[in-house]
Amino acid sequence: MSLAHNITPMYPGAYSDASEASDKNDSLNLPTAPLNTLLGFDLETYQIALDQLLPSKKVPEDIMTSRKYKQIVSSIREIGLIEPLSVIQPDPARPGFLLLDGHLRMLALKEIGAVHAPCLLAKDDETYTYNHRINRLSTIQEHYMIRRTVDRGVSKERLARAFNVNLSSINRRINLLDGICPEAIDRLKDQQFTPDLARVLRNMKAARQVDAVELMIASSTITVAHAEALLKATPPEQRTDVPLAPKEKTAPLDQIVKLEKEMNQVQTQYKDVIDVEIC
């Protein structure tokens, strides 16, 4: 593929040419025959000027006021761009690249004053949406990722700036699994839910947590509203937020026997007094 002269490889020399790769494969005894694998992108990552990128779809007018867009801007400003843009060069003889994926990232880069963007050069103009072909992080995976990041020295304040959220939101994600039994965690490990769901589950004992999670997964409604409804239907003895009614104190057996003796003595004395008065 013939590339324009005004784009710059980000990692020049990282990928050897065919002759060097062949010699290396021979020395390592690696397969040299085709593996029937067609790469969708060039191995190199290129720096391309933003003014050369043409959008492939219309972005909604109010997208720049959305929470998602603001999070992208905050993340890029704080830690840089993580995922390169996906582009294709429709006509190698003419300048300009068609942006396949990363429209919000391109707008965010322009907002923070960037001039170039790291891009992956696609070989085919695919018609599917890239976001439909990725696996989203589950909520528990996100919890472990944030915990590991904090343990490695990244401050909670910086994470809050990168995600464009309040510090309390980061704390809720860090403490997500406190008070949740291991069996319930295992059933939720591949699910997506809000941190407030864990707050409701903490009000249940371990066995009831497992039952509630299984019911929510079976109905495909892992929501706070569903969890609160299950909490209201939970008996008091299976809840941790409802104190049990105090048991009535019963007198020990020896106290009862002693009381009966005293009552018998009082009755005997009373009869004696009545008999004397009658006489």
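Would you mind putting 219-226, 73-80 in packing order, based on average other-beta-carbon counts within 10 Å, highest first?
Put in order of decreasing packing, that is 73-80, 219-226.
For the stretch 50-153, what is the relative contact order in percent, using Cα pairs closer than 8 Å and at least 6 residues apart in sequence?
About 29 percent, as a whole number.
In the neighborhood of R136, defined by Cβ-to-Cβ distances under 11 Å, what is the net charge if each Lys or Arg adds +1 and each Asp or Glu adds -1?
Around R136, the surrounding residues sum to -2.
So what's the net charge close to M64: Lys and Arg +1, Asp and Glu -1, counting the other residues with Cβ under 15 Å from its Cβ?
+4
At a 10 angstrom cut-off on C-beta neighbours, averaged per residue, how do the peptides 54-62, 99-107 rank from highest to lowest?
Peptide ranking by packing, descending: 99-107, 54-62.
Add +1 for every Lys or Arg and -1 for every Asp or Glu among the other residues with Cβ under 13 Å from the Cβ of S74, and state the total.
+4
Tell me, what ³J(HN,Hα) does each residue in the stretch 91-100 have, in order and in whole Hz, if you take phi through Karplus 6.51 cos²θ - 1.76 cosθ + 1.60 with θ = phi - 60° and put x for Gly and Pro?
Those phi angles translate into 10, x, 7, 10, x, x, 10, 8, 7, 8 Hz.
Here, each number is a calculation from the coordinates, and none is a lab measurement. This one's a predicted model, so the numbers in the text were calculated from it and none came from an experiment. All Cβ positions, glycine included, derive from the backbone under ideal geometry; neighbour counts span all protein chains shown.
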